Each structure stands twice: as C-alpha cells, then as structure tokens.
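J.: First the structure, which I've put down as structure tokens, then a few questions once you've had a look.
The values are calculated or read from the model by the stated rules, or taken from the named source; none is laboratory data. A quick note: this is a predicted structure, and the numbers were derived from the prediction, not measured. Cβ atoms come from the backbone with ideal geometry, glycine included; neighbour counts cover every protein chain shown. Heads up: the accessible areas ignore ligands, DNA and RNA and are worked out on the full protein's heavy atoms, side chains in. Shrake-Rupley method; radii C 1.70, N 1.55, O 1.52, S 1.80 Å.
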Amino acid sequence: MCGIVGYVGNKEKKEIILDGLQELEYRGYDSAGIATIKGDKLNNFKAIGKLKNLREKTKDFSSDGFGVSIGHTRWATHGKPTELNAHPHRGKYSYVVHNGIIENYQALKSELQNDGIEFLSQTDTETIVHLFEKHYAQKSDPFSAFELTIERLEGAYATLLISEVAPDTIFFAKNGSPMLIGFDGEEIYFASSDTPIIGKATEVCYLQDGEYGYAKDGEVILFDASGVKNIQKQPLATDKAMAQKDGYRFFMEKEIYEQSSVISDTMIGRIMDDSIVFDELDDSLFEGINAIKICACGTSYHAALTSSYLFERISKMRCDIEIASEFRYKEPLLDEKTLFITISQSGETADTLEALKMAKRAGLKSLSICNVDNSSIVRESDCAILTRAGIEKGVASTKAFATQTMVLWMLSLYIVDKHSIITDEAKAIEIEAMRRTPKALAITEKLHGKLHRLSKRYLHGHGFFFIGRDIFYPLALEGALKLKEISYLHAEGYPAGEMKHGPIALADSELFTIALMPKSMHYDKIKSNVEELSARDATILAISPEPFELADDFVQTLQSSHPMLEFFEMMVVTQILALEISVRLGNDVDMPRNLAKSVTVE
Ligand code: AGP
C-alpha cells in the first residue's frame with residue numbers, strides 16, 4: 001500500500017513531508033520521494049529503499065517560506081522498485097504522486113506516446129502527469145486540465161499533483177484509495193491516513209470516492225460529479241498507534257477487514273469482460289507446458305492446495321502441490337514440461353526459495369506469486385504476479401492468503417484461454433463469481449458479534465478438528481493453522497471423508513469440530529460426515545448457509561451458487577473465530593509466541 005503526504009503553507013516543507021512519510025512506514029514500501037515548489041523553484045528527490053536514504057539525499061535541502069510539497073512511499077505494483085519508478089513522477093513542469101492502480105493506463109500511455117511523450121518509468125502513475133500537461137497545453141487553465149485528467153482515469157487512485165503553472169496550488173483527487181485533508185488555520189495537509197498529520201492538523205476531512213479539487217491560499221475547493229461541495233470537517237484523532245491500525249485492535253483484525261478492498265486491487269486491470277489478463281506474463285510462458293507443480297509453506301501452501309482443485313477442474317491442467325521443506329530433500333522427478341510455481345507472501349521463505357532454485361537447476365520454467373516485489377523469490381523467478389495485498393503486519397497471514405487464492409483462481413481461467421476449452425458460459429460464471437468476491441469478504445457487525453460471543457465456548461477442550469471437502473479441505477487446514485498460531489490451542493484440518501478412518505476415535509463432547517458445510521459443493525456428503533461425529537457426542541460448530549439441526553453452534557453464511565464465494569465467506573468466519581478466541585485467551589494476536597513473519601532460515 002503506497003503512502004502519500006502533501007502540504008501547502010508557510011512552514012518548512014521537507015521535514016513535514018519526510019516526517020509524514022515516516023509515519024506511513026508501517027504500510028510497507030520499497031522507495032520514496034519528495035517534490036517541492038517554492039516561488040518558481042521546483043525540487044525533486046527520490047531514493048530506493050528506506051526513508052533514511054531519502055533523508056541522506058535531502059540533507060542539504062530545505063524549503064522555508066510559502067510553497068507546496070508532495071511526498072510518497074511506494075509499494076510496487078507496476079514496475080520494479082527503482083529510482084525511476086519511485087514517485088513523484090515528473091512531466092515537463094509538474095509532479096504527481098499516486099496510490100492505487102490506473103486500470104486503463106496502457107491505453108492512456110499509448111495515446112501519450114503517440115503524441116511524442118517519452119516515459120521514464122514502467123508505472124501506471126506517470127500517465128497522470130503527462131495527461132495533465134497535455135490538457136494544460138490545450139486549456140491553459142491548470143484546474144480545468146486537472147479536471148479533464150481525472151475524468152479519464154479508470155481504476156483506483158488517491159493522487160496529488162503540483163505544477164510550475166500553479167506554484168501555490170496542490171491538486172487532489174480520490175477514488176478507491178484512501179486520502180484525507182488536514183487543516184490547521186491556513187496550513188493544509190494531505191495524507192493517506194491520519195498518522196502523518198496527528199500533532200500538526202486539528203481538523204480533518206476524509207475524502208469520499210469521486211471527490212477532487214485544489215488547495216490554494218489557505219483554503220480547499222472541493223468538487224464531485226455534481227459540482228462544488230462543502231467540506232465536512234471533524235476533529236482529528238490524537239492516538240497514532242490506534243491510527244496506524246485505523247481504529248482496529250490489531251493489525252490482523254484490520255487486515256481481515258481489508259480483504260474485501262485489497263481483493264479488488266488484486267483483480268484491477270486483470271479481469272476483462274470475458275477473459276483474464278496478466279500484463280506480467282509473456283504469452284510463451286505456458287508453451288510446451290502440460291502440468292503445474294506448486295511449492296510453498298504454511299498458509300501459502302494452503303492457497304496452493306486450494307488452487308490444485310481449480311487448475312484440474314477449470315484449466316484441465318494436471319497440478320500437484322509440494323511442501324517446500326519436504327520437496328527439497330525428496331529427490332523429486334522433475335519434467336521440463338512442468339511449470340514450477342512458488343507462492344510466498346514475503347518472497348523470502350528459505351525453504352521455498354531453495355525449492356525454486358532446485359527446479360530452475362532442473363530446467364523448469366518458474367512463476368512466483370508474491371506480495372513483495374523485488375524479493376528474493378521474485379528475483380529468482382522467470383516471472384512473477386504480485387498479489388497487491390499491501391504490507392501484511394499480522395504474523396498470522398490473512399489478506400495474503402485471500403489474494404494468493406484469487407490470483408491462482410484467475411490464473412486457472414487465464415490458462416483456459418491458452419490451453420483448454422471451456423464454454424464461454426462456464427468462463428462467464430467464473431468471472432462473475434470473481435467480481436462478487438469483495439462482497440463475500442465483507443464482514444457485518446452481526447457476524448463479528450456472533451463469533452465474539454461464540455468464542456467463549458472454545459477456550460478449552462482437547463482439540464479442534466476443522467473439516468471440509470474439496471476446496472474446503474485446504475480451507476479447513478488454513479482455519480486450523482490460524483487458530484493454532486494465535487490461540488496456541490491444538491487444531492487439525494482434515495478431509496471430512498477421512499474422519500471415519502481413525503480420527504473419529506477422538507470424538508467426545510470435548511472435541512470441537514468446526515464443520516465447513518457449503519451448499520454449493522458436496523453438501524449431503526459433508527452433512528453425513530458431521531452426523532457421524534455428532535452421533536458420537538462431538539461438539540459441532542457448523543458453518544453453512546443451511547441450518548444444521550445437529551449443530552451445537554451454528555454460523556449462517558450466505559447461499560451462493562459458486563463454491564469459491566462460499567470459500568471466501570467461510571474463510572472470514574474461521575479467521576475471526578481464531579482472532580476472538582485468541583483475544584479471550586489474552587494472547588498477542590499480531591506477534592504470536594515462537595513465530596516470525598518471514599521464515600528466512602531452514
Ligand atoms: C501463516 O499464517 C504463517 N505466518 C506461515 O505459515 C506462513 O504462511 C509461511 O511461513 C509462509 O510464508 P510466506 O508466504 O512468506 O512464504
């Protein structure tokens with residue numbers, strides 16, 4: 001998730017911007033930059049890596065007196081983390097910073113290149129500043145040029161633009177990505193979230209989608225599609241720690257709630273009306289490929305296992321899954337007709353990285369699905385698809401899992417266009433379900449409240465079984481892992497049909513079974529598995545659209561025609577259940593004992 005800070009006023013600007021960006025470090029980034037206009041003087045500095053590198057570059061720079069300034073920390077979505085790709089991006093006489101994804105940037109970039117514009121970066125953001133200058137050349141009015149520019153952008157953006165043609169003005173627009181405006185008398189601040197302006201501004205206006213305008217002469221003029229709007233100000237929060245969590249109790253809780261929005265980022269620019277597009281992939285990737293092998297650890301392994309059902313069912317592509325730490329030492333038989341896919345949130349997991357190197361030595365093509373650009377696994381792979389989940393601070397992975405699963409689901413359909421025929425209708429059903437996923441991930445207060453109340457019953461016992469069939473079996477594994485990681489209670493994920501082959505011996509009232517019972521897939525089969533457990537007095541928490549009379553506890557989910565929508569909805573239920581049990585046990589939800597966010601050792 002990129003971070004944006006802006007300021008227009010009489011104070012020294014560099015420190016305001018750099019201190020503000022420092023407050024956004026928790027969002028994760030790989031490069032940073034600042035641009036300032038004072039009088040007719042335009043200054044711009046950029047650096048890859050941490051903010052200390054940018055501070056080093058600007059140590060002899062200062063900007064006192066009235067002026068405007070914008071700054072940015074970049075989390076790469078288009079283009080590697082390089083100084084050229086770092087924001088602010090420059091035109092001839094203007095600078096822009098942006099958080100989000102411009103879905104139609106390719107078309108805009110081609111138009112501008114046909115006008116003779118030379119792009120310096122690989123980013124979607126650079127199109128904004130060149131488009132502004134193109135329209136200014138036609139209109140000679142900065143705000144009209146900015147307004148025209150914004151009208152042409154599709155996708156998610158929070159953007160600030162400054163220009164020598166309006167040296168006392170910051171232009172802003174918000175759609176899909178967060179942006180707020182802070183006020184302290186005539187001093188005006190912009191930021192992606194509260195923390196950069198806490199202690200500086202006294203009032204705040206949280207911009208809504210479709211709002212845009214400019215800040216000049218100590219005031220902000222705000223517009224939306226229907227014209228000029230009144231600014232809705234409110235007192236600014238004062239607790240920075242709480243602000244970083246955007247008011248949630250834990251980063252993990254925030255990241256569970258973020259899933260509904262970040263999954264949209266994962267899909268932006270990749271889901272067309274009737275096909276899937278991955279700009280990152282060369283058409284030749286699947287040439288000569290007749291099988292897929294996916295290798296990962298932990299939660300990423302569960303995403304891999306989920307996708308194996310999708311690749312074989314949708315893409316008709318053979319797919320097998322490996323736990324990286326096992327794969328490394330099993331002397332695997334590897335075939336160059338197999339595409340080797342690694343999945344990793346951090347991109348630094350030692351076992352996964354070493355497995356990837358083994359596959360490459362054997363001559364296999366490699367693709368990584370990762371959340372961190374320029375990470376070791378991304379750099380080692382022939383190509384990579386970024387999940388765009390933004391930084392994940394909770395050690396127990398949530399939004400990374402959701403976005404990995406979405407990328408793999410999209411990839412299964414992408415392969416269809418390359419390698420096998422399914423009907424257009426079948427493809428349309430998948431794409432429609434993907435588009436409805438953000439809604440399936442939305443969390444109601446009623447659901448969270450119910451899980452909070454239920455959690456008090458599950459603080460003891462001699463263990464949990466999470467059971468499911470088909471794609472709900474890897475989801476059961478993931479639900480069990482979430483619970484283990486943050487509650488320290490023992491839990492197992494198990495194929496529901498396997499319980500009768502031994503584990504049912506454990507069934508008694510102290511054995512808690514979390515049963516994933518989707519209506520859209522094998523419902524009667526899972527129902528009979530759960531009835532076998534209930535008959536032996538196991539305590540059942542059923543998660544299903546259909547009330548289940550034998551359940552001791554029941555969480556009702558929405559009826560959906562597509563199993564993946566039930567998958568994502570039930571995933572959220574298991575994540576929140578684990579969170580609420582952990583809270584009741586008084587554990588450190590974000591930093592559970594014995595765990596690290598990235599396991600870079602064997
Ligand atoms: C998941 O909640 C855990 N934190 C852990 O299993 C993690 O998924 C695993 O270590 C793999 O990490 P990676 O995705 O960064 O490779």
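J.: Looking for something farther than 15 Å from residue 480 by Cα and not in a loop (DSSP other than H, G, I, E, B) - is there at least one such residue anywhere in the range 587-600?
T.: There is no residue in the range 587-600 that is farther than 15 Å from residue 480 by Cα and not in a loop (DSSP other than H, G, I, E, B).
J.: Cβ-Cβ distance below 9 Å, separation of 6 or more or different chains: which pairs start in the range 279-290 with a residue that is under 11 Å from residue 367 (Cα atoms) and end on one that is open to solvent by less than 40 Å² (accessible area, probe 1.4 Å) and in a helix (DSSP H, G or I)?
T.: Qualifying pairs under 9 Å: 281/411; 281/414; 286/414; 286/415.
J.: So, one more: When you check residue 457 against the structure, is it more than 25 Å from residue 342 (Cα to Cα) and either in contact (Cβ under 8 Å) with a residue 60 or more places away in the chain or buried (at least 18 other Cβ atoms within 10 Å of the Cβ) (or both), yes or no? Don't jump to the end; show me each part of the working.
T.: Values: more than 25 Å from residue 342 (Cα to Cα): yes; either in contact (Cβ under 8 Å) with a residue 60 or more places away in the chain or buried (at least 18 other Cβ atoms within 10 Å of the Cβ) (or both): yes.
Yes.
J.: Is it true that residue 83 is in contact with a strand residue (DSSP E or B) (Cβ under 9 Å, 6 or more places away or on another chain), open to solvent by 10 Å² or more (accessible area, probe 1.4 Å) and in a loop (DSSP other than H, G, I, E, B)? It would help to see each step written out before you state the result.
T.: Numbers: in contact with a strand residue (DSSP E or B) (Cβ under 9 Å, 6 or more places away or on another chain): yes; open to solvent by 10 Å² or more (accessible area, probe 1.4 Å): yes; in a loop (DSSP other than H, G, I, E, B): yes.
When the stated conditions are applied, residue 83 passes them.
J.: For the range 370-392, check the following and say yes or no: at least one residue is aliphatic (A, V, I, L, M), out of contact with any strand residue (DSSP E or B) (no Cβ under 7 Å at 6 or more places or on another chain) and closer than 23 Å to residue 567 by Cβ.
T.: Initially, the range 370-392 is screened for residues aliphatic (A, V, I, L, M), giving 372, 377-378, 384-386, 389, 391.
Checking the rest, the ones that are also out of contact with any strand residue (DSSP E or B) (no Cβ under 7 Å at 6 or more places or on another chain) come to 372, 389, 391.
Next, from what is left, pick out any that are closer than 23 Å to residue 567 by Cβ: 389.
Looking through the range 370-392, at least one residue is aliphatic (A, V, I, L, M), out of contact with any strand residue (DSSP E or B) (no Cβ under 7 Å at 6 or more places or on another chain) and closer than 23 Å to residue 567 by Cβ.
J.: Could you tell me how many of the residues in the range 327-350 are open to solvent by less than 20 Å² (accessible area, probe 1.4 Å) and not polar (S, T, N, Q)? Reasoning before the result, please.
T.: The first filter runs over the range 327-350 and keeps only residues open to solvent by less than 20 Å² (accessible area, probe 1.4 Å), leaving 327, 338-344, 346-347, 350.
Keeping just the survivors that are not polar (S, T, N, Q) gives 327, 339-341, 343, 347, 350.
So the answer is 7.
J.: Could you please find all residues in the range 296-317 being over 21 Å from the mean Cα position of the chain (by Cα), closer than 15 Å to residue 338 by Cβ and of a type in the set (A, V, I, L, M, F, W, C)?
T.: 311, 317
J.: Please indicate, with yes or no, whether at least one residue in the range 462-471 is in a helix (DSSP H, G or I), away from the ligand (no atom under 16 Å from the Cβ) and either modelled with pLDDT of 95 or more or closer than 21 Å to residue 556 by Cβ (or both). Spell out how you get there, then give the answer.
T.: We begin by selecting, within the range 462-471, every residue in a helix (DSSP H, G or I); these are none.
Checking the range 462-471: not a single residue is in a helix (DSSP H, G or I), away from the ligand (no atom under 16 Å from the Cβ) and either modelled with pLDDT of 95 or more or closer than 21 Å to residue 556 by Cβ (or both).
Residue-wise test of (1) in contact with a strand residue (DSSP E or B) (Cβ under 8 Å, 6 or more places away or on another chain); (2) more than 15 Å from the ligand (Cβ to nearest atom); (3) under 23 Å from residue 512 (Cβ atoms); (4) not aliphatic (A, V, I, L, M).
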| position | (1), (2), (3), (4) |
| --- | --- |
| 570 | yes, yes, yes, no |
| 579 | no, no, yes, no |
| 583 | no, yes, yes, no |
| 587 | no, no, yes, yes |
| 593 | no, no, yes, yes |
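J.: Right, here's the next one. Could you say which residue among 472, 464 is free of Cβ contacts under 8 Å to residues at least 60 places away in the same chain, touching a Phe, Trp or Tyr at 6+ places or on another chain (Cβ under 9 Å) and of a type in the set (Phe, Trp, Tyr)? Spell out the reasoning first.
T.: Details: 472 fails: free of Cβ contacts under 8 Å to residues at least 60 places away in the same chain.
One residue alone meets the criteria, 464.
J.: What pairs can you find where one residue is in the range 183-209 and open to solvent by less than 20 Å² (accessible area, probe 1.4 Å), the other is assigned to a helix (DSSP H, G or I) and modelled with pLDDT of 95 or more, and their Cβ atoms are less than 8 Å apart, with a gap of 6+ or different chains?
T.: So the pair list comes out as 189/16; 189/20; 191/20; 196/19; 196/20; 196/21; 197/20.
J.: Next question. Under 6 Å by Cβ, and 6 or more places apart or on different chains, what pairs join a residue from the range 579-596 that is farther than 13 Å from residue 249 by Cα with one that is open to solvent by 70 Å² or more (accessible area, probe 1.4 Å)?
T.: From residues that are farther than 13 Å from residue 249 by Cα, there are no pairs.
J.: Taking the range 345-357 as the search range and keeping residues that are among the hydrophobic types (A, V, I, L, M, F, W, C) and in contact with a strand residue (DSSP E or B) (Cβ under 9 Å, 6 or more places away or on another chain), which one is nearest to the ligand (Cβ to nearest atom)? Outline the logic, then answer.
T.: Applying the first criterion (among the hydrophobic types (A, V, I, L, M, F, W, C)) to the range 345-357 yields 350, 353, 355-356.
Cutting the leftovers down to in contact with a strand residue (DSSP E or B) (Cβ under 9 Å, 6 or more places away or on another chain) gives us 353, 355-356.
Values: 353: 9, 355: 11, 356: 11 Å.
Among them, the one singled out is 353.
J.: In the list 380, 425, which residue meets the criterion of being away from the ligand (no atom under 16 Å from the Cβ) and surrounded by fewer than 21 Cβ atoms within 10 Å (Cβ to Cβ)?
T.: Numbers: 380 fails: away from the ligand (no atom under 16 Å from the Cβ).
Within the list 380, 425, the selection yields 425.
J.: Sticking with this one: What are the residue pairs meeting all of these: first residue in the range 29-51, first residue touching a residue at least 40 places away in the same chain (Cβ under 8 Å) and buried (at least 17 other Cβ atoms within 10 Å of the Cβ), second residue in a strand (DSSP E or B) and among the acidic types (Asp, Glu), Cβ atoms under 9 Å, and 6 or more apart or on different chains?
T.: 37/168
J.: Within the range 363-373, does at least one residue satisfy the condition of being over 29 Å from residue 427 (Cα atoms), within 13 Å of the ligand (Cβ to nearest atom) and not in a strand (DSSP E or B)?
T.: Yes - at least one qualifying residue is present in the range 363-373.
J.: Being within 16 Å of the ligand (Cβ to nearest atom) and farther than 19 Å from residue 310 by Cα narrows it down to one of 476, 491, so name that one. Walk me through how you get there before you give the answer.
T.: Numbers: 476 fails: farther than 19 Å from residue 310 by Cα.
Just one listed residue meets the conditions, 491.
J.: Which of the numbered conditions does residue 509 fail, given that it passes all the others? Conditions: (1) buried (at least 18 other Cβ atoms within 10 Å of the Cβ); (2) touching a strand residue (DSSP E or B) at 6+ places or on another chain (Cβ under 6 Å).
T.: Checking residue 509 against (1) buried (at least 18 other Cβ atoms within 10 Å of the Cβ); (2) touching a strand residue (DSSP E or B) at 6+ places or on another chain (Cβ under 6 Å), the one that fails is (1).
J.: Something else now. Can you name the residue in the range 50-75 that is assigned to a strand (DSSP E or B) and among the small types (Gly, Ala, Ser) and, of all such residues, is farthest from residue 21 (Cα to Cα)? Quick ask: steps written out before the conclusion?
T.: Within the range 50-75, the subset assigned to a strand (DSSP E or B) is 67-74.
Now narrow it down to the ones that are among the small types (Gly, Ala, Ser): 67, 69, 71.
Values: 67: 18, 69: 12, 71: 7 Å.
Among them, the one singled out is 67.
J.: Any residue at all in the range 419-442 that's within 26 Å of residue 338 (Cβ to Cβ) and of a type in the set (D, E, K, R)?
T.: yes
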